[in-house]
Amino acid sequence: MAGPLQGIRVIELAGIGPGPFAGMMLSDHGAEVIRVDRPGARIDARDPLLRGRRVIGVDLKSPQGQALVLDLVKGADALFEGFRPGVTERLGLGPAQCHAVNPALVYGRMTGWGQFGPYAQAAGHDINYIALAGALHGYGRAGDKPTPPINMVGDFGGGGMMLAFGMVSALLHAKTTGQGQVIDCAMTDGAAALMAMIWGFRANGIWKDERGVNLLDTGAHMYDTYACADGKYISIGSLEPQFYALLLHKTGLVDDPDFAAQMDSGRWPQLKDRLTSLFATKSRDEWCEIMEMTDICFAPVLSMAEAPHHPHNVARQTFVEADGVMQPAPAPRYSATMSDAPRMTKAADTDAILADLGYDAARIDSLKAAGTVR
């Protein structure tokens, strides 16, 4: 088996970050993804974002290169790109040009600000997109400045993952109607969508714009990380009353009246100080012996070096090693269409891809001589 997207062909116009992540997701779940890169571009054989691809180097600024990509489009189900708005149109590879040769094509566009709006032509990065979306403001502790959560929320959650979802949705529509369409995937939109629950909390008056004082943003004593005696950390998420009661039982605080009013936010700072002192009395492993695999809602905070070796992750094969590179395994899992093991992309497949298009040896040699492909 090769995943539920087996038989789907996707053209990826090479970019960075969220685009390759969308390509990885589609490839992980069975799609054939052909990455169109610059001629002679270096392929990073250790990058999980590029796994599972076939790669061809094409000069997109040349008429021959543009014609070659349109030949690829004719036999594809989808294409996605991550350029600024208008770039692919100027290359002769915009939605109109692609739909002229393949009306059923799903055309994905990955940008930070979107295809229109005052910021559309401006440069930016994850930190900027989640800032404008109202997400970055909420990350950080009380009294401190906003802290970007690496680039998980903009590039990958609100960007690449949203694009992959949008493309699969549009592919389903195209399969039933024969009609392709364009997906305008903006990281600002995606990051805002990821905040839907918090917007609901705010509407119900249970979330403040002030950072680090709310139930889920390190404001509460029963939902935070704590340092242990060995300098390692644990995470506590004892929100529900029964889970909180077990936390107090396991920490010896069940009869302490200070901890009885769980949701009295005015007492949270004081209770957090108490827990900080308590958790610092034992090592992380000692707290794991007391709390792990209970209904406290507990887990040790593992480093990237540690996570692949935790028994739970080992049992589920959450991480895999491919060509000597430790990396996350494809997710989610299916009962009937198991995805293949990841395959690292090491070299371009230019000749094979062109041969699949019906190009003969003389034509391939001519394209190489002209610098159109490499």
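All of the numbers you see were taken from the coordinates with simple rules; none came from a lab. Keep in mind the model is a prediction, meaning the values are calculated, not measured. Every residue, glycine as well, gets a Cβ built from its backbone with ideal geometry; the counts of neighbours run over all protein chains shown.
Helix 18-28 and the longest principal axis of the C-alpha atoms of the chain enclose an angle of approximately 80°.
Farthest towards the positive end of the charge dipole of the range 1-44, among the residues Gln6, Ile43, Met24, is the Cα of Ile43, using unit charges on the Cβ of Lys, Arg, Asp and Glu.
Convex hull over the alpha-carbon atoms of the range 146-287: what's its volume per residue in Å³?
Cα convex hull per residue, to the nearest whole number: 169 Å³.
Over the chain, Cα pairs under 8 Å with separation of 6+ residues give a relative contact order of 21 percent.
Across all Cα pairs in the range 175-245, the calculated P(r) in 10 Å bins from zero up to the longest distance comes to 15, 28, 27, 15, 11, 4, 0 percent per bin.
For the range 309-374, pairs of C-alpha atoms spaced more than 16 angstrom apart make up 64 percent of the total.
Could you tell me what a quarter of the Cα convex hull surface of the range 18-141 works out to, in nm² with one decimal place? Provide the component values of the computation, followed by the final result.
Working: hull surface 38.7 nm².
Its Cα hull, projected and averaged over all orientations, spans 9.7 nm².
Here the chain was treated as a single set of alpha-carbon atoms; its pair distances binned every 10 Å from 0 give 5, 19, 25, 22, 15, 9, 4, 1, 0 percent. Over the range 123-188, Cα pairs under 8 Å with separation of 6+ residues give a relative contact order of 34 percent.
Take 247-255, 6-14 and order them by the average number of nearby Cβ atoms within 10 Å per residue, most first; the result is 6-14, 247-255. Projected over every direction and averaged, the convex hull enclosing the alpha-carbon atoms of the range 131-203 yields 6.0 nm².
Between the residues Gln115, Leu172, Thr225, the greatest Cα displacement towards the positive end of the dipole of the range 115-274, with unit charges on the Cβ of Lys, Arg, Asp and Glu, is found for Leu172. The charge dipole of the range 225-335, taken about its Cα centre with unit charges on the Cβ atoms of Lys, Arg (+1), Asp and Glu (-1) only, comes to about 180 debye. As a calculated quantity, the FRET efficiency between Ala280 and Asp47 at R0 = 56 Å, using C-beta atoms, amounts to about 0.90. For the range 42-109, what does the relative contact order come out to in percent, with C-alpha contacts under 8 Å and a separation of six or more? Taking the mean separation of contacting Cα pairs over the length of the range 42-109, I get 32 percent. At full extension, Ala307 and Thr177 could sit 42.4 nm farther apart than now, given 0.36 nm per residue minus the alpha carbon distance. The count of lysine pairs in the chain whose Cα atoms are under 27 Å apart, excluding pairs fewer than 8 places apart on the same chain, comes to 17.
The alpha carbon radius of gyration of the range 1-88, expressed as a multiple of 2.2 N^0.38 Å, is 1.05. Sorting 296-308, 104-116, 55-67 by their mean Cβ neighbour count within 10 Å, with the most densely packed peptide first, gives 104-116, 55-67, 296-308.
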